[in-house]
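Single-structure report; data block below.
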Amino acid sequence: MPSVSRGFHGRARDARHRLPPGQYETADFPVLSAGPTPAVDLDQWEFTIRTETGARHIWDWAEFMALPSQTQTVDLHCVTKWSKFETEWQGVSLDVLLKDVETSAEYALVHSYGDYTTNVPLEDLLDGQAWIAYRYDGDELAPEHGGPARLLIPHLYLWKSAKWVRGIQLLDEEERGFWENIGYHDYGDPWREQRYQGD
Amino acid sequence: MTLTPDFLDGNAAAGDLESLFGTDMTMASGRCRGCGEQTMLAQTHAYLGGPGMVLRCPGCDSVLLRLVRSPTQMWLDAGGLDYVKIPTPA
């Protein structure tokens, strides 16, 4: 009888099935930043949605915490080629935050504390696809991973899930963000390996 | 807002910059468009682990320079610098 572990083979097949092209699995949670980690005081924290007409919808931390939250287990795919499976996040769905926002915009530019920005089609923030997450793996979200709150859009490369999020600007015309305006893809679908402009 | 250091000194970017400019960049300097501070490459704050290379001003944290490499292209944004000064051999 062969002594090969069937369980081992089963897990390997599963990992390959869930890895987008060009990615490898890691059990770590690498910290990648384009700038210093801001220490955001919760008394000063605000999240703002500004529409294409200039209308503003603002939540402070207490108001944000009072919103209904969801807990999601998702896979993460970073454009630097690591993927991390089954990460657990708690946060507020963008469907909740955008529910009473009147807009005909098609694009969003996400802004962070610090100077980071990233662009996303508005439709990718809706229909249960995106959250403002404030807990990771059962704990408060650590500053190095984007705490107190970060955007989470697990179906796109992780640079779209802006850390230290402070607002979303709704736009009629697409505006490129921090990485998109120096070569990275406007959409960033890991399953189509959209890493750079032109991919 | 306070900031925590999570960068390397700018010499960590010297190899990438040398491949771009074709000369040793460790003695290069420039002036920040944000605050006017003159800085040597070694004094800049380098963030290297992410999708691209980012050099920031040690005085005001503004982005001085960004560099992205794909398999077929390099993108350079030095819009945060008034100028770059590179010593040339005598």
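We did not get these values from a lab; they are worked out from the coordinates using the rules stated. Computed from a predicted structure; not experimentally measured. Virtual Cβ from ideal backbone geometry, glycine too; neighbours counted across all protein chains shown.
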Original post:
When the helices in chain A are scored as -39500 (n - 2.57) per DSSP H run of 4 or longer and the sum is shared across all residues, what 222 nm value do you end up with, to the nearest 500 deg cm²/dmol?
Top reply: -3000 deg cm²/dmol
Subject >> Cα-based shape type of the range A:106-146, given that a ≥ b ≥ c are square roots of the gyration tensor eigenvalues and the cut on a/c is 1.5 >> reply: oblate
Subject >> Reachable lysines, given that their alpha-carbon falls under 28 Å from the alpha-carbon of residue A:163 and they are not under 8 places away in the same chain >> reply: A:81, A:84, A:99
Original post:
Can you list the HN-Hα couplings for the range B:12-28, worked out from phi with the Karplus curve (6.51, -1.76, 1.60; θ = phi - 60°), rounded to whole Hz and with x for Gly and Pro?
Top reply: 5, 9, 4, x, 4, 5, 5, 5, 7, 8, x, 8, 4, 10, 5, 9, 6
Original post:
Under the classification rounded if a/c is under 1.5, otherwise prolate if a/b is larger than b/c and oblate if not, where does the range A:25-76 fall, given a ≥ b ≥ c as square roots of the Cα gyration tensor eigenvalues?
Top reply: prolate
Original post:
Just how far, in whole angstrom, is the range B:1-54 from the range A:140-190 if you go by their alpha carbon centroids?
Top reply: 24 Å
Subject >> Cα-based shape type of the range A:59-112, given that a ≥ b ≥ c are square roots of the gyration tensor eigenvalues and the cut on a/c is 1.5 >> reply: oblate
Original post:
Where nothing but the Cβ of Lys and Arg (+1) and of Asp and Glu (-1) is charged, how large is the charge dipole of chain A around its Cα centre, in debye to the nearest 20?
Top reply: 960 debye
Original post:
For the range A:119-129, what does the Karplus curve 6.51 cos²θ - 1.76 cosθ + 1.60, with θ = phi - 60°, yield as ³J(HN,Hα) per residue in whole Hz, taken in order and with x for Gly and Pro?
Top reply: 9, 8, x, 4, 4, 7, 8, 10, 6, x, 9
Original post:
Per 5 Å bin, what percent of the C-alpha pairs of chain A does each bin hold, from zero upward?
Top reply: 1, 7, 15, 19, 20, 16, 9, 5, 3, 2, 1, 1, 0, 0, 0
**OP:** Considering Cα pairs under 8 angstrom that are at least six residues apart, work out the relative contact order of the range B:8-85 and quote it in whole percent.
**Re:** 28 percent
Original post:
Hey, quick one: spin label on residue B:27, modelled 7 Å out along Cα-Cβ, who in the range B:70-84 has an amide N within reach, i.e. under 19 Å?
Top reply: B:84
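Take the Cα radius of gyration of the range A:80-189 and divide it by 2.2 N^0.38 Å, with N its residue count; two decimals is plenty.
Rg over 2.2 N^0.38 Å, computed on Cα atoms: 1.02.
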Subject >> Convex hull volume per residue for chain B, taking Cα atoms only, in Å³ >> reply: 96 Å³
Original post:
Say the dipole of the range B:8-85 comes from +1 at the beta carbon of Lys and Arg and -1 at that of Asp and Glu; which of B:13, B:71, B:27 then lies farthest toward its positive end?
Top reply: B:71
**OP:** Output the lone cysteines of the protein assembly as shown: those with no second cysteine's C-beta under 4.7 Å from their C-beta.
**Re:** A:78
